[in-house]
Amino acid sequence: MGSDIFEVSVNFLKMIVIFLMMVQLVPLLVWVERRGSAFIQNRLGPNRVGPLGLMQLLADAVKFLTKEEFVPAKGYRFLFYTAPVIALIPAALAFGAIPLSAPIRVEAFEWLGRNWGPYTFAFQSYEIGIGIVFVLGASSLAAYALLLAGYGSNNKYSLFGALRASAQTISYELALGLSLVGVLLLFNSFQFSEIVAQQAGPMSFQFLGKQVTVPFLPNWGFFYQPLGAVLLFTAFFAESNRLPFDLPEAEGELVAGYHTEYGGFKMNMFYIGEYGHMMVASALMTTFYFGGYTIYPWLTQESVSSWFSQFTPTQASLLTALVLHLVFMAKVLLFLWIFVWVRWTLPRFRYDQLMDLGWKTMLPWALGNTIVTAIVILIMRTNWSGQ
Amino acid sequence: MMSLGPAMFYVFAAILVFFALSVIMSPNPVHSALYLVLTMISLAGVYFHLNAQFIAGVQLIVYAGAVMVLFVMVIMLFDIKQELRAFTKGLISGALKVASAAFVAGYLIGTFKDVSVGSQSASLAGNTDITKELALMLYSKYVLAFEVLGLLLLVVAVGAVAVSRVKGGTHAKH
Amino acid sequence: MPSIESLNQIGLNHYLALSAIIFSFGMIGVLMRKNVIVMLMSIELMLNAVNLSFIAFSNFTANLNGQIMVFFVMTIAAAEAGVGLAIAVMIYKKFKEINIRYFEQLRG
């Protein structure tokens with residue numbers, strides 16, 4: 001926690017900047033989604049406003065802001081207005097707890113005639129000891145936005161969409177949590193920074209009590225937990241209500257599901273929430289399974305900071321953090337592209353197929369993954385030679 | 001983090017009392033449920049400051065994220081509107097009920113006034129690895145209770161399905 | 001009469017008093033409401049109040065047993081909510097209203 005005014009104000013600024021960064025990424029993602037879908041379906045997509053249609057986002061924003069303010073006459077006005085706001089909060093809270101780059105170390109300096117001690121700023125809104133549990137808890141609150149939207153609209157289709165959404169979220173949360181357990185056992189920590197730090201070096205594990213190092217592979221969780229990674233990514237699709245799991249808003253059956261009655265900027269807030277969820281999911285995938293902000297042989301914290309050896313330590317630390325942040329964002333964008341790609345490739349599930357997949361396929365596989373991981377870790381980390 | 005400072009404690013207490021009161025006073029069950037969600041989130045905040053970070057996270061996941069979603073879902077499924085008679089009849093019996101609850105609360109508070117273990121020195125603040133210690137305790141000292149609870153959950157799951165089972169549906173055999 | 005000092009020095013007693021107040025609210029809810037689901041929610045409120053006192057004791061006596069107890073209470077609460085809601089669904093199917101007085105007709 002901040003002990004003097006400089007630290008407090010930097011931490012405060014950090015929170016705002018990271019939130020704005022998340023929100024600002026959304027229009028870009030919408031553009032990627034629309035151009036990507038056009039590319040996949042052999043169309044052109046938005047290409048009239050600005051170069052490559054990039055200004056389409058601004059035009060959309062203007063359109064959203066100037067739409068008519070609409071509330072259903074028989075709806076619950078307060079709940080109707082709260083739902084889009086609540087849709088934003090869980091994703092923003094969860095995203096703030098994920099480290100986006102290496103911490104920045106600021107050496108002691110003199111300014112305004114007083115000494116400011118050395119600081120270490122984590123590259124995230126706030127650091128919480130139980131990071132993963134907090135992120136899961138915060139994102140489990142997302143169901144309320146859909147429930148409130150469905151109930152507040154006082155519309156049968158909206159209500160059906162909301163009920164489907166909440167049932168889906170609860171069902172897949174189990175598989176989500178269980179598929180994470182393997183990676184937690186592996187890295188033995190709840191803290192994101194600790195997990196990333198363990199993935200920074202070359203692949204190194206204990207084989208029957210002996211240390212084995214594979215110098216050409218990074219120590220990423222994916223190589224130990226491929227099944228867990230696939231299950232987690234699938235569960236994230238269901239959690240963010242995207243195709244092939246977008247039953248809550250299946251337009252063929254439910255008009256548009258829980259946001260049937262929404263228009264204008266309120267609708268846009270739901271979109272920001274959905275894309276925020278995708279970003280949290282991609283960031284978590286990156287952090288748990290793909291080394292966070294490092295790529296072992298070339299882009300580790302040491303090698304990047306050696307590029308900036310002619311700068312002062314503070315500047316070097318800042319530049320290193322920025323480069324590593326770009327690495328992290330590149331990985332995140334890769335996963336976001338996979339989200340888009342899958343959405344425009346796979347057809348939608350039927351509702352009973354969705355429930356069967358969640359309860360009868362993913363849950364047993366996640367349980368099996370947990371048990372096998374625990375047994376293998378126990379066997380591998382025991383020293384069998386008895387020395 | 002030690003326990004909350006006085007100002008923060010009173011703010012949290014006021015929020016909690018307001019939400020808890022709203023749960024029992026709202027005539028619309030949906031509003032009650034939503035106030036209960038807010039109560040639980042605020043409680044998670046209090047737990048967080050009382051060095052129970054992991055419990056706070058579990059409170060968010062289990063209570064706010066699962067149990068209360070179930071409540072809200074059931075209420076919305078039945079589409080219960082504003083209830084005309086949300087409270088039981090009878091002025092005298094009602095007054096007696098409130099009085100008895102107030103008596104219980106007053107009696108408890110009166111008893112707690114003499115509790116003298118509340119010294120700040122013996123708090124968990126210095127202990128950094130609470131979650132790990134918690135896990136070790138859960139799987140060694142309390143392992144039998146843990147297993148029994150697992151069994152209980154299984155029985156409850158089967159029981160809930162058996163009670164609310166319907167004929168037909170998409171999974172019917174014929 | 002509590003002195004100013006005892007109001008400013010937040011200790012275990014304050015948390016226990018808060019927990020007692022919330023518990024009594026839950027009790028009033030169970031006694032006064034007619035809707036089964038709201039009664040179930042009031043029970044959850046009481047369980048949460050007890051959890052708060054467990055956590056407070058655990059913190060101020062540096063003893064983790066209290067936190068373990070909260071785990072168990074949470075599990076029981078989830079189980080209770082599951083069964084309670086299933087019964088509420090049954091009542092609603094039979095009588096199209098969730099009122100506690102229909103409970104006595106659920107025989108056999």
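The values are calculated or read from the model by the stated rules, or taken from the named source; none is laboratory data. Not measured: the values here are computed from a predicted model. Note that each Cβ is placed from the backbone with ideal geometry, even for glycine, and that neighbours are counted across all protein chains shown. Heavy atoms of the whole protein, side chains included, go into the accessibility calculation; ligands, DNA and RNA do not. Shrake-Rupley method; radii C 1.70, N 1.55, O 1.52, S 1.80 Å.
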Check your understanding: Is it the case that B:S42 is more than 30 Å from B:D129 (Cβ to Cβ) and of a type in the set (S, T, N, Q)?
Key -> no
Within segment A:22-70, the residues that are hydrophobic (A, V, I, L, M, F, W, C), in contact (Cβ under 8 Å) with a residue 40 or more places away in the chain and part of a loop (DSSP other than H, G, I, E, B) are A:F70
Those residues of segment C:53-64 that are open to solvent by 10 Å² or more (accessible area, probe 1.4 Å) and under 17 Å from C:A20 (Cβ atoms) come to a total of 3
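Return the total of residues in segment B:26-47 being in a helix (DSSP H, G or I), more than 8 Å from every other protein chain (Cβ to nearest Cβ) and in contact with a helix residue (DSSP H, G or I) (Cβ under 7 Å, 6 or more places away or on another chain).
4
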Quiz item: modelled with pLDDT of 80 or more, more than 25 Å from A:A83 (Cα to Cα) and of a type in the set (A, V, I, L, M, F, W, C), is that true of A:W298?
Solution: no
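Name the helices (runs of 4 or more DSSP H) wholly within segment C:1-81 that hold at least 1 residues that are touching a residue at least 12 places away in the same chain (Cβ under 8 Å) and within 18 Å of B:F54 (Cβ to Cβ)?
Those helices (runs of 4 or more DSSP H) span C:36-60.
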Expected output for segment A:356-381 (first residue over 9 Å from A:A175 (Cβ atoms), partner surrounded by fewer than 13 Cβ atoms within 10 Å (Cβ to Cβ), Cβ below 8 Å, 6+ apart or cross-chain) is A:I379/A:L208; A:M380/A:F207; A:M380/A:L208
Restricting attention to segment B:32-45, the residues that are free of Cβ contacts under 8 Å to residues at least 24 places away in the same chain and closer than 17 Å to C:I28 by Cβ number exactly 3
Note: among A:G96, A:G117, A:G150, just one is farther than 28 Å from B:A52 by Cβ, in contact with a Ser or Thr (Cβ under 8 Å, 6 or more places away or on another chain) and of a type outside the set (S, T, Y), namely A:G150
Selection from segment C:76-86 of residues open to solvent by less than 30 Å² (accessible area, probe 1.4 Å) and either facing chain B (nearest Cβ under 8 Å) or on the phi > 0 side of the Ramachandran plot (or both) yields C:A77, C:A79, C:A81, C:G82, C:L85, C:A86
Note to self: Based on this model, can you work out whether B:V23 counts as part of a helix (DSSP H, G or I), more than 14 Å from chain A (Cβ to nearest Cβ), open to solvent by 60 Å² or more (accessible area, probe 1.4 Å) and at pLDDT 85 or above?
What the structure shows: no
With criteria (1) outside any helix (DSSP H, G or I); (2) of a type outside the set (V, I, T); (3) buried (at least 18 other Cβ atoms within 10 Å of the Cβ); (4) more than 13 Å from chain A (Cβ to nearest Cβ), B:L16 comes up short on (1)
Discussion item. Residue under question is A:G263, and the condition is that it be open to solvent by less than 40 Å² (accessible area, probe 1.4 Å) and over 20 Å from the mean Cα position of the chain (by Cα); does it hold?
Written reply: yes
Selection from segment C:31-48 of residues more than 8 Å from every other protein chain (Cβ to nearest Cβ) and modelled with pLDDT of 85 or more yields C:M39, C:I43, C:M46, C:L47
Right, A:F349: in a loop (DSSP other than H, G, I, E, B) and either without any contact (Cβ under 8 Å) to a residue 40 or more places away in the chain or of a type in the set (S, T, Y) (or both) or not? no
Within segment B:51-107, restricting to residues that are open to solvent by less than 20 Å² (accessible area, probe 1.4 Å) and more than 14 Å from chain A (Cβ to nearest Cβ), the one that is modelled with the lowest pLDDT is B:A86
When segment A:333-378 is checked residue by residue, the ones that are under 15 Å from A:G182 (Cβ atoms) and open to solvent by 50 Å² or more (accessible area, probe 1.4 Å) are A:P364, A:W365, A:L367, A:I371, A:V372, A:I375, A:V376, A:L378
Inset, instruction - Determine if segment B:5-12 includes at least one residue that is within 10 Å of chain C (Cβ to nearest Cβ), among the aliphatic types (A, V, I, L, M) and over 20 Å from C:Q67 (Cβ atoms). - result: yes
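Residue-by-condition table, conditions (1) under 19 Å from B:F9 (Cβ atoms); (2) facing chain B (nearest Cβ under 7 Å); (3) surrounded by 20 or more Cβ atoms within 10 Å (Cβ to Cβ); (4) of a type in the set (A, V, I, L, M):
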position: C:H14; (1), (2), (3), (4): yes, yes, yes, no
position: C:L18; (1), (2), (3), (4): yes, yes, yes, yes
position: C:I22; (1), (2), (3), (4): yes, yes, yes, yes
position: C:G26; (1), (2), (3), (4): no, no, yes, no
position: C:G29; (1), (2), (3), (4): no, yes, yes, no
position: C:N51; (1), (2), (3), (4): yes, no, yes, no
position: C:G66; (1), (2), (3), (4): yes, no, yes, no
position: C:M69; (1), (2), (3), (4): no, no, no, yes
position: C:A88; (1), (2), (3), (4): no, yes, yes, yes
Going through segment A:15-58 in order, the residues found to be at positive phi and either under 24 Å from the mean Cα position of the chain (by Cα) or open to solvent by less than 50 Å² (accessible area, probe 1.4 Å) (or both) are A:G45, A:G50, A:G53
Of (1) open to solvent by 40 Å² or more (accessible area, probe 1.4 Å); (2) farther than 30 Å from B:M137 by Cβ; (3) under 16 Å from the mean Cα position of the chain (by Cα), C:Y92 satisfies every one except (3)
Scanning segment A:112-135 residue by residue, the ones that are open to solvent by 80 Å² or more (accessible area, probe 1.4 Å) and in contact (Cβ under 8 Å) with a residue 24 or more places away in the chain total 1
If we ask which residues in segment A:186-199 are open to solvent by 20 Å² or more (accessible area, probe 1.4 Å) and closer than 21 Å to A:M380 by Cα, their number turns out to be 4
- Task: Look at A:A330 and say whether it is surrounded by 14 or more Cβ atoms within 10 Å (Cβ to Cβ) and without any contact (Cβ under 8 Å) to a residue 24 or more places away in the chain.
- Result: no
Flagged pairs (Cβ under 6 angstrom, 6 or more apart or on separate chains; first in segment A:136-147, without any contact (Cβ under 8 Å) to a residue 24 or more places away in the chain; second part of a helix (DSSP H, G or I) and open to solvent by 10 Å² or more (accessible area, probe 1.4 Å)) are A:G137/B:L60; A:G137/B:I61
